[in-house]
Amino acid sequence: MIRFIQQITVLLVLLTTTFLSAQDFQGRVYYQSKTKMDESAKKRMDTLKIPDDRKKMIQDMMKKMLNKSYILDFNKTASIFKEEEKLEQPTSGMSFRMPNDGVLYKDLTQKTYTKKKESFGKIFLIKDSLTKIDWKTEKESKQIGNYLAFKATAMVEEPKGFRFGRFRGKKEDKKETAESKTSKLVKLTVWYTPEIPVSNGPELYQGLPGLILEANIGRRQLIATKIVLNPKEKATITEPSKGKVVSQKEYDKIIAKKIEEMREMRRNRRKGDQGRRHGRF
């Protein structure tokens with residue numbers, strides 16, 4: 001029986017490999033991202049002294065920002081990963097769009113990536129090398145949809161914006177500023193399927209002998225909800241253009257500086273408000 005299962009597995013891999021050998025092979029994966037809000041954020045939300053309807057509006061907005069849908073279009077050597085755009089439901093008679101994560105292009109042959117992202121009113125093209133991830137593959141497996149997936153883990157640098165979801169006070173601002181100066185390693189756990197032997201996955205994850213269908217890091221999970229191989233309508237998988245070209249390190253410095261400027265403005269506003277209050281008779 002075991003031998004029979006092994007033979008079937010080998011046959012499936014061979015058939016899939018043959019399927020992928022087509023010159024115009026493409027695939028599309030839909031991912032759902034879920035991020036658990038930090039406990040301190042929940043407590044701060046409960047203590048906010050604002051009307052209940054406004055508090056609910058903030059909670060709904062946070063929920064949308066922490067739970068998103070993404071699409072990965074890929075071929076044998078490259079991919080495009082982007083957020084699935086959805087027009088938000090009207091709130092108080094107004095429609096609005098949530099901040100977008102941009103478009104990420106990965107070139108597996110050149111081992112590079114380009115991310116097109118709008119930040120603070122400017123469009124950036126972040127170009128850099130893909131990081132070689134030191135994966136540890138394991139025997140543990142599970143079914144994800146119609147595919148058998150295997151577990152792999154790695155220690156990776158904590159992603160920028162990883163602490164998103166906390167309502168920060170003065171103490172948290174100071175703590176985060178100090179922490180941002182040092183890199184922190186966190187555990188990344190993924191599930192990949194050799195049945196789709198493409199060394200790719202969502203975001204910057206890659207380097208395994210199969211497509212990554214699920215990724216877990218900290219409070220965040222990305223999981224495939226739908227997989228389409230060779231869709232009728234082919235996607236355009238090309239490197240994004242138009243924008244200020246910067247490296248990842250340069251971009252991080254620009255954003256950190258802008259955030260610090262905003263915090264400084266907020267601190268000055270607080271001081272001004274306090275001064276006006278003390279100056280009253």
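Pull up region 223-281, narrow it to residues that are modelled with pLDDT under 95, of a type in the set (D, E, K, R) and not in a helix (DSSP H, G or I), then point me to the one that is farthest from the chain's Cα centre (by Cα).
If we take residues in region 223-281 being modelled with pLDDT under 95, of a type in the set (D, E, K, R) and not in a helix (DSSP H, G or I), then Arg280 is farthest from the chain's Cα centre (by Cα).
Tell me which residues, restricted to region 105-138, are of a type in the set (Gly, Ala, Ser) and modelled with pLDDT under 95.
Ser119, Gly121
Could we say that Gly102 is buried (at least 16 other Cβ atoms within 10 Å of the Cβ) and either modelled with pLDDT under 90 or at positive phi (or both) here?
yes
Just the residues that are of a type outside the set (Lys, Arg), assigned to a strand (DSSP E or B) and modelled with pLDDT of 70 or more, please, taken from region 55-99. Steps first, answer last, please.
Applying the first criterion (of a type outside the set (Lys, Arg)) to region 55-99 yields 57-62, 65-67, 69-75, 77-81, 83-85, 87-96, 98-99.
Checking which are assigned to a strand (DSSP E or B) leaves us with 67, 69-74, 78-81, 83, 91, 94.
Correct list: Asn67, Ser69, Tyr70, Ile71, Leu72, Asp73, Phe74, Ala78, Ser79, Ile80, Phe81, Glu83.
If you scan region 109-152, which residues turn out to be loosely packed, with under 13 Cβ neighbours inside 10 Å and of a type in the set (A, V, I, L, M, F, W, C)?
The one that is loosely packed, with under 13 Cβ neighbours inside 10 Å and of a type in the set (A, V, I, L, M, F, W, C): Phe120.
The values are calculated or read from the model by the stated rules, or taken from the named source; none is laboratory data. Owing to the predicted nature of the structure, the values given are computational and were not obtained by experimental measurement. As a convention, Cβ positions derive from the backbone with ideal geometry for all residues, glycine included, and neighbour counts pool all protein chains shown.
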